[in-house]
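Worksheet: one structure, shown below.
Rule-based calculations on the coordinates, nothing more; no lab input. Note that the structure is predicted; figures quoted are calculated from it, not measured. Here the Cβ positions follow ideal geometry from the backbone for every residue, glycine too, while neighbour counts run over all protein chains shown.
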Amino acid sequence: MACMSLKDIDAAKAHFGAAWDIARPDGLIELIGEHHGLLQGLIEACLKSQYPDDFARIIEITYRFSYGWRRIHNPDSGEDVADDLTTTEFTMAMLACRGWTNAEIARHMGVSPGTVKNRLSGVYAKLGIGTRAELIAHMLR
C-alpha cells in the first residue's frame with residue numbers, strides 16, 4: 001500500500017505478486033478480497049487478465065465483505081458508494097481522490113485514459129456529482 005501511495009507501481013506489483021504466489025496455491029484469497037480498497041487497483045492490474053476465475057472469486061468476496069462491513073461499522077451512513085459502484089469504479093474513484101491523473105490510473109489498471117474518463121463520468125452520474133473536488137468530498141468523508 002505504501003508503494004501505491006508513492007506511485008511506485010512496479011514495486012507494488014512485485015510485492016502483490018509475491019503475496020499472490022504464497023496465497024494462491026493454498027486458496028488463501030479471502031483476505032485479498034477483504035482488502036480490495038486498500039490494494040488500490042492491484043487486484044485488477046495483476047490478476048484480472050491472467051487469473052480471470054480467481055479474479056471473479058475475489059470480486060465476489062469483495063462485495064460480500066464490503067456489504068457486511070458497512071452494515072457493522074457504518075449502519076447509519078446512508079451512503080451507497082460501495083453499493084452503487086463496481087469494484088473497478090470504486091478503485092478508479094479512490095485513485096482519482098488521491099491525486100492520480102486519468103493517464104496514471106489508465107497505465108496502472110491496463111486500460112486507456114478514455115476508459116478511465118468514461119468510468120469516472122459514470123461514477124459522477126451514479127453519485128450525483130460533477131467534479132473531482134465533489135468526488136473527494138464524497139469519497140473521503
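See the values below:
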item	result
Radius 9 Å from Cβ of Phe65, net charge of other residues (Lys, Arg +1; Asp, Glu -1)	-1
MRE, 222 nm, helices only [DSSP H, n ≥ 4, -39500 (n - 2.57), over the chain, to nearest 500]	-20500 deg cm²/dmol
Pairwise label distance in nanometres, His15 with Ala137, each label 7 Å out on the Cα-Cβ vector	3.3
Residues of type lysines that Lys117 reaches as a straight line, Cα spacing below 23 Å, ignoring anything fewer than 8 places off in the same chain	Lys7, Lys48, Lys126
Reduced Cα scattering model of the range 2-139, Debye log10 I(q)/I(0), q = 0.11, 0.18, 0.19 Å⁻¹	-0.40, -1.08, -1.19
Spacing of the two label points (7 Å from each Cα toward its C-beta) at Ser49 and Lys7, in nm	2.3
